[in-house]
Amino acid sequence: MAAAQGAGGGSAGPAGPPASAPGHGSGSAAVAVWEWQDEFGRWRPYRGSVCSYIEQVIQASQQKGRRSGSGLVSSIPLGHADPALAPYVIDIPSLTQFRQDTGTMRAVRRHVFPGDSAAGQGIVWEWQNDEGGWSPYEMNVCVFLEQARATNHQRVDLGPLGYNYEVDFVAQVQTNKSTRFRRSVQRRLDAPYPVTTSTTPLHTGVGCSCQQCWPNSGTGPITTRYRHSTNSPNSAAAHQVPGRTASVSSSNVGFVPYNKPALTGARSTPRLNAQNTLVLAQSGSLSAALAASNGVSAQALPVKMSKSSRVSQALAATPTEPESVVKKYLEELKGAPADEDCMICMEKLSSPSGYSDSCHSSSIRLEAVGRLRNCQHSFHMLCMLAMYSNGNKDGSLQCPSCKTIYGEKTGTQPKGKMEISTFPQSLPGHKDCGTIRIVYHISRGIQGPEHPNPGMPYTARGFPRYCYLPDNEKGRKVLELLKVAWKRRLIFTVGTSNTTGESNTVVWNEIHHKTEMDSNLSGHGYPDPNYLDNVLAELAAQGVTEDCLGQ
């Protein structure tokens, strides 16, 4: 990364947004910036080279359409622009980024900025995250910061843009106005964003509440049922407020800052003693690490797990040959619905699969359409084959539309250790109980055949990672399900970090954890009245439900 560059002397920061709002510049050429929305509602810009590729594909499609009368390109695989983005496809009609191996969908948007702005010059402003890497600000914030720097401001207040921060150009720091916590910032020169002559939206019409329309201020609905089948993003999107990761003792003895209070009621499951830490090894074995404090022995928590887990049984019994898995869960249709699209390739089901050039099979025809046996959603069978082959190949399939899982889903989490302990201090919003602490340990290693680059090293930044749950009935239920998810290798994976951009590293895998105790300014802490219900839904989306307990 290029070093941060400070600004010259001047007055304090401007009181409002830049004079030229994004997308409404002067007579200079305009540039297009594509961004995707993360789970906290923050918009994160793709790099200039990726945006250039997206614009080139759309422009070529428009030119072809004018010649032949065909419609706009429906999907753009981002791996052609950046190999690190190989699992991702942008669906243009719904303005959605689709991850093929997990089925995760995120909103995307296209904004136009003046050519003489930060975007046109390839200037990106970034803040330092908890892992020591650099995360970019939204592009409108980058434009705002660059304009303030160019006019010799020493400080700027990001409040007008919805952020509770001040940025000091001289000290090169971002300060949270509430907590006064500071982070480094830097100004980096990257590839300029692509010049465009089109400043109009990609599609227009009457807005609805689908994922296509909600984040894009009134764009028209798509007629197929698949494009309306996913959950819409939260309309009250949280702002980017990076915070510190809570840090407590990393020893195997539970951290006890205060005397343990008396229990006020019966518990449905045994309560972990504050001096009792459980260690759940990646292999699936569970052992209790007992410690003694003031001469009092801690009681072990009994956990029943068979030596031959359901995971290993499923892998042994389920056929994992790609064609066999696809044919097991999809029933081939004799006639394809004429007015429906395949959600994976976004081509009509009545046309051949859009993956016919990149995925080949001796037993599945290019135009074959199959219906999943339980949820009844239909796709090109070759598209399902491509999706399965690009994933973990564990014998399970997940419907890209409704997320129904067929078989038992396992992940690609590297080997590690999961530790569990409790202490009596309460979490904000859960004053009637103590706290469960989970510590994940994963070390760097070599990628296996299930990982993106077999044989190459992977890094493990930020470990051990500390996570927190309320020690109440619902919190303990989440804990038990997280144990199952850990055994199935679903909590982490090897991929590209959303916060640092580093590839071949251990990253979270769609099951959110609270890594802070006493502040939710970053979205990673408490209070959060919806967190336990949300994480239960995320676990269920991975096939981890109450039915798994006791197996």
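The values are calculated or read from the model by the stated rules, or taken from the named source; none is laboratory data. The structure presented is a predicted model; accordingly, all values stated were derived computationally and were not measured. Every residue, glycine among them, receives a Cβ derived from its backbone with ideal geometry; neighbour counts consider all protein chains shown. When the accessible area is computed, the model is the full protein with side chains, heavy atoms only, and any ligands, DNA or RNA have been set aside. Shrake-Rupley method; radii C 1.70, N 1.55, O 1.52, S 1.80 Å.
Just name the residue that is nearest to His380 (Cα to Cα) out of those in region 323-341 that are modelled with pLDDT under 90 and in contact with a Phe, Trp or Tyr (Cβ under 9 Å, 6 or more places away or on another chain). Residue satisfying both the conditions and the ranking: Asp341. Just one of the listed residues (Thr404, Thr422) is of a type in the set (Val, Ile, Thr), touching a residue at least 40 places away in the same chain (Cβ under 8 Å) and either under 30 Å from Pro464 (Cα atoms) or open to solvent by less than 50 Å² (accessible area, probe 1.4 Å) (or both), and it is Thr422.
Residue-wise test of (1) farther than 15 Å from Thr196 by Cβ; (2) among the small types (Gly, Ala, Ser); (3) part of a strand (DSSP E or B); (4) touching a residue at least 24 places away in the same chain (Cβ under 8 Å).
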position	(1), (2), (3), (4)
Glu39	yes, no, no, yes
Tyr53	no, no, no, yes
Ile58	no, no, no, yes
Gln62	no, no, no, no
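Somewhere in region 24-31, is a residue within 20 Å of Tyr137 (Cβ to Cβ), in a loop (DSSP other than H, G, I, E, B), modelled with pLDDT under 75 and open to solvent by 50 Å² or more (accessible area, probe 1.4 Å)? Checked against the condition, which is being within 20 Å of Tyr137 (Cβ to Cβ), in a loop (DSSP other than H, G, I, E, B), modelled with pLDDT under 75 and open to solvent by 50 Å² or more (accessible area, probe 1.4 Å), region 24-31 yields at least one hit. Give region 479-502 a look and list any residue that's more than 19 Å from the chain's Cα centre (by Cα) and open to solvent by 30 Å² or more (accessible area, probe 1.4 Å), or say none. Correct list: Glu480, Lys487.
Selection of region 156-179 for residues being at pLDDT below 90 and surrounded by fewer than 17 Cβ atoms within 10 Å (Cβ to Cβ) yields Gly159, Pro160, Gly162, Asn164, Lys177, Ser178, Thr179. Being surrounded by 18 or more Cβ atoms within 10 Å (Cβ to Cβ) and within 30 Å of Gln172 (Cα to Cα): is that true of Glu131 here? The answer is no for Glu131. Within the bounds of region 89-100, is there any residue that is open to solvent by 10 Å² or more (accessible area, probe 1.4 Å), part of a loop (DSSP other than H, G, I, E, B), touching a residue at least 24 places away in the same chain (Cβ under 8 Å) and under 26 Å from Leu189 (Cβ atoms)? The answer is no; no qualifying residue exists.
Number of residues in region 442-456 that are within 11 Å of Val506 (Cα to Cα) and either in contact with a Leu (Cβ under 6 Å, 6 or more places away or on another chain) or open to solvent by 50 Å² or more (accessible area, probe 1.4 Å) (or both) equals 2.
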